[in-house]
Each structure stands twice: as structure tokens, then as C-alpha cells.
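A.B. asks: One structure is given below, represented as C-alpha cells, and several questions about it will come after.
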Amino acid sequence: MIAEHSNMLLARVNSLRVFSLTLACVLAAPALRAQSATPLPDVPTLLQQVLDHQRQMESVQENYTFRELDVTQTLNKDGSVKKTESETYEIFYVRSHEVRRQIQKDGKDLDANHQQKEQERVTKYIEKAQKTPPGQAPNGEIVLSVSHILAVVKFTSPRRELLDNRPTITFDFTGDSHAKAHGVAEEGAKRMSGTVWIDEKDRQVRRLVARLDDNLHVGFGLFSIGKGSNLVFDQKLVNNELWLPTSADVIASGRAFAFVGFRANVHVTDSDYKKFHAEAQQQAGATVVPQPGQH
């Protein structure tokens, strides 16, 4: 008897859930139909606005310091996880160059010896960054940004989709073989295809999913990233003020020094954005001002 009552109660609960879901869909349907009926904005104008906003956001981001957590899973050949490691960084910018100071390893603060070595490394990097023009890499790093990808791809299949209950205009994209690439990063972007979600109201990239359609060789062929490696990149409105990167997932395979193979999953989380004080220089120990809602 108890079992029968339990089953009857569960059936009623499930019925209520189905009814609630159905009702929510019915209520949302008119809004979705109205949204679908609205003509899409002029695509070339929209894409130029998005590219301009993305470049502006990447420039504005340089006025902030933030914390980044990188969790790396090294994989075996069969795809099983061989090892998991995490590293936490404080990130700031010098002359548009990203400076990364490691503060934790596997969730633990660096000991005094490693802190000293890390500070010495960061100090040397800052000295190089101060002498390196924007757009060039102090140590020859390859930095692939969203704006690099947007600048050298072709867009197709514009459509509307909801993401986080906000309307987005979504495009598929493929590398444009005729686009002029500036550096290795954009050359790599030309070998990518994927999908981008653009927040319709703010004209900002909300999400970008890209995959590498051909092997990419860098460093005079000493290092290669394998075909099929992919990236999922998310940006969100932070503190209702600015669109900033919040997370990324990278699934990569490749070879180093022509014979050492690697396969890894990397999850990146960016958080705790704080703005540099207007009178502070962008260097180690610069004063930051917490934004609203931050402590």
C-alpha cells in the first residue's frame, strides 16, 4: 500500500513537471515566434560592429587585473585521464602584453622559494614587455584572440538562438583562404571552422566554438597542433558593466620537437576582475580598485 501511494505521488509530481514545462513552452512560444519574425539586422554592418566591439573589449581588458585558474588533464592514447594539474595566476598587462604571475599550484600557494623564482621571472618579462611594441610578443608567444579569428573567416547561415535567455544571432564560419593573415595566430585562425553566438542587444561575442581543420606547425616545425583540436570560448557581461572573458575549454593534440606527442584537455576560468587605479602603472604590485560587488 505504501509503495502504491509513493508511486501515485511520484506520478502526480511528474505530471505536474510535464504540465509546468508545457505551460512554460506555451507562454514562451509567442515571444519566440515574434523574435523569429523580426528581420535580421544587416549582416555586414552587424559583423563589423561585433569586430569593433571585440577589439575594444580586448583593449579595455588591459585596464584590469584578474585571476585565472587553469585545470589541465593530460590524456592517454585511449582518451583516459593520465594526470590532472591546476595552476592559478594573477594576470595584468604591460603595454598590451599579458603578464601572468603564478600564485598557486594544485590549489596550494607557492612556497617561498618558488614565489621568489616566479617573481624574478615576472620581473624579467615585464622588462621585456616594456621594450616590446604592442602587437609583438616579448618572448615570441603565440596569442590567439577572438578578434584574430573574426578577422580571417567567412560567415554563413545567420539565425537567431536563445543563450542564457538572451537572444543571439548565430553564424557558422570557415577560414577565408583569401584573407590576409598577420602573424601565426591569424594564419592558424584561417584553418578553423565553427560557430559564433553574438548577443543581439549588445553586439558582443557571447560564445565561440572553433575547431582546427588542418595541422598547424609553429616554431620552425618544432611544435605542431593537430587537426581536430578545438576551442570553446565564453564571454559574459561582468558586474553589468563590461563584456569580459569568463571561461574557455581547449581539447588539443599535437607533437613537440617532432616526436613527443601530447593530448590534453584544458579548462580555463577567469574571475575576480578588478580595475587598475587610474594613476597606477601596469606592473607587478599595481594598485587595483574593486568593482561594485567585489570584495
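A.B. asks: Among (1) outside any helix (DSSP H, G or I); (2) in contact with a helix residue (DSSP H, G or I) (Cβ under 6 Å, 6 or more places away or on another chain); (3) closer than 24 Å to Gln48 by Cβ, there is one condition Ile142 misses while meeting the rest; what is its number?
C.D. replies: The one condition Ile142 does not meet is (3).
A.B. asks: Can you go through Asn265, Asn240 and tell me which one is surrounded by fewer than 16 Cβ atoms within 10 Å (Cβ to Cβ) and either over 29 Å from Gln116 (Cα atoms) or at pLDDT 55 or above (or both)?
C.D. replies: Asn240
A.B. asks: Yes or no: Thr168 at pLDDT 95 or above and among the β-branched types (Val, Ile, Thr)?
C.D. replies: Against the criterion (at pLDDT 95 or above and among the β-branched types (Val, Ile, Thr)), Thr168 qualifies.
A.B. asks: Let me ask you something else. Could you identify the single residue in Ser177, Ser253, Ser157, Ser193 that is farther than 28 Å from Asp42 by Cβ and in the same structural domain as Val50 (by TED's automatic domain parsing)?
C.D. replies: Step by step, each of Ser177, Ser253, Ser157, Ser193 is checked, and only Ser253 is farther than 28 Å from Asp42 by Cβ and in the same structural domain as Val50 (by TED's automatic domain parsing).
A.B. asks: Here are Asp202, Asp164: which of them is surrounded by fewer than 16 Cβ atoms within 10 Å (Cβ to Cβ), acidic (Asp, Glu) and touching a helix residue (DSSP H, G or I) at 6+ places or on another chain (Cβ under 9 Å)?
C.D. replies: Answer to the selection: Asp202.
A.B. asks: Those residues that are of a type in the set (Asp, Glu) and over 18 Å from Arg206 (Cα atoms), I need them from the stretch 139-195; list them, please.
C.D. replies: Correct list: Glu141, Asp176, Glu186, Glu187.
A.B. asks: Are there any pairs with C-beta distances below 8 angstrom linking a residue in the stretch 58-84 that is in the same structural domain as Ile251 (by TED's automatic domain parsing) and modelled with pLDDT under 95 to a residue that is part of a loop (DSSP other than H, G, I, E, B) and not polar (S, T, N, Q), with the two at least 6 apart or on different chains, and if so which?
C.D. replies: Close Cβ pairs (under 8 Å, with a partner that is part of a loop (DSSP other than H, G, I, E, B) and not polar (S, T, N, Q)) amount to Thr65/Ala286.
A.B. asks: List every residue pair whose Cβ atoms lie under 8 Å apart, where the two residues are 6 or more positions apart in sequence or sit on different chains, the first residue falls within the stretch 93-121 and is under 18 Å from Asp70 (Cα atoms), and the second residue, located anywhere, is among the aromatic types (Phe, Trp, Tyr) and in a helix (DSSP H, G or I).
C.D. replies: Val99/Tyr125
The values are calculated or read from the model by the stated rules, or taken from the named source; none is laboratory data. As the structure is a computational prediction, the values presented were derived from the model and not from experiment. Backbone-built Cβ (ideal geometry, glycine too); neighbour counts: all protein chains shown.
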